[in-house]
Every structure is written in structure tokens, then in C-alpha cells.
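Inspection log for the structure reproduced underneath, given as C-alpha cells.
Laboratory data are not the source of any read-out in this text; all were calculated from the coordinates shown. Here the structure is a predicted model, which is why all the values come from computation and not from measurement. FYI the Cβ positions are ideal-geometry reconstructions off the backbone, even for glycines, and counts take in every protein chain you see.
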Ligand code: SF4
Ligand code: SF4
């Protein structure tokens with residue numbers, strides 16, 4: 001059976017008010033709002049961006065959608081989990097400051113921000129259910145203690161998974177720090193000594209001090225490396241590689257299994273909104289302004305995380321004139337997360353696109 005994916009087109013000339021209206025329209029079309037019972041806890045999962053990043057979903061785009069959720073429950077909140085790497089979102093105090101600085105305040109959105117895995121990322125629960133890559137998922141407690149989940153996702157490319165969309169937001173974004181570590185543990189970057197210019201930039205960015213000086217180049221200490229991928233992004237000379245096929249596919253399959261355990265927990269009370277606005281090569285964890293890789297496309301909404309991500313990827317290929325814009329950024333088979341998600345019952349790649357006027 002096909003899943004429905006709702007699509008509201010948008011171009012680069014939209015005002016914040018217009019995008020808020022479109023996001024609300026897409027969200028209401030899914031019917032999720034009608035399933036929210038009075039005063040249920042509704043987690044609005046988002047990425048608040050990074051210092052210097054401008055691609056994140058702006059709080060003003062969410063006012064209409066949040067108003068609808070609040071008409072059902074006074075227990076709605078915006079949320080994210082702390083990051084694996086040390087930075088502006090690795091503990092709840094810094095994370096909240098970052099969210100406020102990007103405008104996610106109760107005055108703007110009407111709802112509080114709660115970091116879902118506690119002060120330093122230790123608050124987690126571990127739903128089980130064996131799959132081929134994992135037996136359980138370490139998920140932020142604030143997510144699993146909620147009754148309703150709305151995943152608000154800014155679509156981007158990604159250095160390790162090729163595509164960062166609903167499945168990524170669900171599987172990695174809802175994981176506690178231990179859960180993120182568990183998923184990343186299958187990636188093993190290494191330095192190509194011939195390409196390394198010994199500039200030292202990667203050493204400064206590595207959160208685990210896993211990159212050390214060798215003779216004329218740097219090397220990665222596998223015992224310390226947590227596989228976060230920061231070094232892959234910051235090396236301008238392409239000297240840091242991972243085994244794209246093996247590492248990325250293993251990571252994507254773990255990601256899909258993590259996503260599946262969160263999704264099944266909500267028993268039909270989870271929905272997904274993908275913003276194809278300012279789509280960039282790298283994700284919003286990058287502390288820099290990034291260029292669009294394609295003109296703005298619009299907003300998608302669905303109750304099926306696999307279907308919405310397939311529709312997202314298809315639209316990106318279509319708007320790229322048939323060229324896979326995600327693979328142009330990183331040559332990664334991003335479809336692995338969709339294929340594994342479909343295999344394990346997370347959703348279907350077969351969908352009907354319903355365009356809303
Ligand atoms: S950033 Fe790249 S070129 Fe510079 S030291 Fe690291 S691996 Fe070598
Ligand atoms: S070596 Fe690279 S992937 Fe490993 S922890 Fe450091 S930045 Fe992350």
C-alpha cells in the first residue's frame with residue numbers, strides 16, 4: 001500500500017508568515033493533530049542550528065503549526081537531544097542558550113524548549129526489539145515520555161549518511177549521547193598521508209583528541225575515535241576518508257533501526273514535516289553559513305518517515321534536472337537508510353504525492 005505525502009510548494013521569495021501558513025497546512029493534512037488528546041505531551045523534535053549556521057528551521061515558520069498543536073494540548077514543547085561531540089549543544093545549558101539565540105523562545109513560539117536527554121545527555125531509555133544491526137536503542141527519555149512526536153526536519157546532505165531528513169532526525173536526533181555513539185561506532189575514518197597537508201585543522205575540531213601528529217602528516221588513533229565525522233567535513237584537502245560503502249551503509253542501517261524503535265513507540269502518533277528550504281550540502285551541525293544546492297522546493301508532510309524521505313530525495317533529483325544533488329555532495333548511497341527502513345517495517349518507499357494549493 002502507498003503512503004500519502006503532502007506537498008506545499010514554496011520558493012525563495014516566501015515571507016516567514018507565508019512559510020508558517022504552508023507548514024501548518026502540510027501538518028494539518030496528515031491528520032496527526034486530530035489524534036492528539038487533551039493535555040498529552042507533544043514533543044516537537046527539531047535541530048536548533050549551530051553558531052554561525054543559517055539553514056536551520058526558523059521559529060517564525062512554526063507559529064501556525066504550533067498554534068494548532070496547542071489548541072489540543074497545553075503540554076507541547078520544542079526539543080532536541082545533546083550532541084556527541086563537544087560544542088554548543090553538548091549539554092543542556094549551552095544548548096538552551098543556542099536555541100534562545102536563534103529565536104526559540106516562548107515569546108516567539110508559545111512553547112518552552114526542553115532538552116530531551118537531560119543536563120549532560122545521560123537521561124535515556126532503552127527500548128528493545130532485535131534487528132540485524134542492533135538489539136536495542138538508547139533514546140532520550142524526554143522523547144519516549146511523550147505521547148505525540150512531530151519531527152520537524154530541515155533537509156540537508158550529510159557527510160556520513162548522504163541524506164539528512166526524517167529518518168535521520170528520528171533515529172539519530174532522538175538518540176541519547178550513548179545512542180549516537182552506538183550508531184557512529186561503525187564508522188572508521190582514516191587519513192591518506194599523501195593527501196594530508198599537515199595543516200592541523202582537523203586536530204582542532206576533533207572532540208576526542210583522536211588525531212595526532214605523525215611524520216609530515218596526521219593520523220587517527222582508532223582507540224579514541226568515536227566516528228563522529230567532524231574531521232571528514234573540515235579537511236579542505238579531502239585527505240580524510242571513510243569506507244563510504246561499508247561504513248555508511250552500516251551506519252544508515254543502524255540509524256533506520258533506531259528510527260524504527262522510536263516510531264513504533266508512538267503507535268500512530270508520530271508525524272514528519274520536511275522543509276526543503278535552503279537545502280545545503282552539509283547538515284545544520286556545521287557552524288557556518290552554507291549555500292543552497294538547489295532552489296527552495298517547499299514543505300512535505302507525512303505519517304510515514306520512509307515515504308517522506310523518498311519523496312524528498314525524488315524531488316531533489318527532479319529539481320536537479322535528473323542529477324542526484326545529494327551524491328554530487330558526497331558519493332554515498334543514501335538510499336540504504338530507506339531500503340533498510342522498508343525491510344524492517346519503518347515505512348514504505350511507495351507513496352502518493354498530494355500537492356496542496
Ligand atoms: S585537515 Fe586534512 S590536510 Fe589538514 S591535517 Fe587534517 S587531514 Fe591533514
Ligand atoms: S578522528 Fe574524526 S571521526 Fe574520529 S572522533 Fe575525531 S573528528 Fe570524530
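At 0.36 nm per residue, and after removing the present C-alpha to C-alpha distance, how many nm does the segment from residue 100 to residue 60 gain when stretched out fully?
Roughly 13.1 nm would be gained on extension.
Efficiency by 1/(1 + (r/R0)^6): what FRET value for residue 86 and residue 18, r their Cβ-Cβ distance, R0 = 41 Å, to the nearest 0.05?
0.60
Please compute P(r) over all alpha-carbon pairs of the stretch 202-316, binned at 10 Å starting from zero, and give each bin as a whole-number percent.
Spelled out per bin, shortest first, that is 11, 30, 34, 20, 5, 1.
From zero up to wherever the largest Cα-Cα distance of the chain sits, split into 10 Å bins and tell me the percent of pairs in each.
6, 26, 37, 23, 7, 1, 0
How would you rank 115, 240, 293, 273, going from fewest to most other Cβ atoms within 10 Å of each one's own Cβ?
293, 240, 115, 273
So if we plug the beta-carbon distance of residue 135 and residue 185 into 1/(1 + (r/R0)^6) with R0 = 22 Å, what FRET efficiency do we get, rounded to 0.05?
Calculated transfer efficiency: 0.95.
Over all pairs of distinct alpha carbons, what does the Kirkwood formula give as the hydrodynamic radius of the stretch 190-241, in Å?
10.6 Å
What distance in nm separates the simple spin-label points at residue 217 and residue 70, each placed 7 Å from Cα in the Cβ direction?
Between residue 217 and residue 70, the label points sit 5.6 nm apart.
Return a whole-number percent for the relative contact order of the stretch 1-63, with Cα pairs under 8 Å and 6 or more residues apart as the contact set.
Computed over the stretch 1-63, the figure is 40 percent.
Show me 3-14, 148-159, 209-220 ranked by packing, highest mean number of other Cβ atoms within 10 Å first.
148-159, 3-14, 209-220
Which whole-angstrom value gives the distance between the alpha carbon centres of the stretch 128-172 and the stretch 222-295?
So the two Cα centres are separated by 11 Å.
Report relative contact order for the chain in percent, whole number only (criteria: Cα-Cα under 8 Å, sequence separation at least 6).
25 percent.
Remind me, relative contact order of the stretch 190-241 in percent, using alpha carbon pairs under 8 angstrom and six or more residues apart?
47 percent
Sum -39500 (n - 2.57) across every DSSP H segment of at least 4 residues in the chain, then divide by the residue count to get the 222 nm mean residue ellipticity, nearest 500.
For the chain, the value works out to -9000 deg cm²/dmol.
Starting from the Cα of residue 264, step 7 Å along the direction of its Cβ; do the same at residue 197; then give the gap between the two resulting points in nm.
Taking the two extended label points, one gets 4.9 nm.
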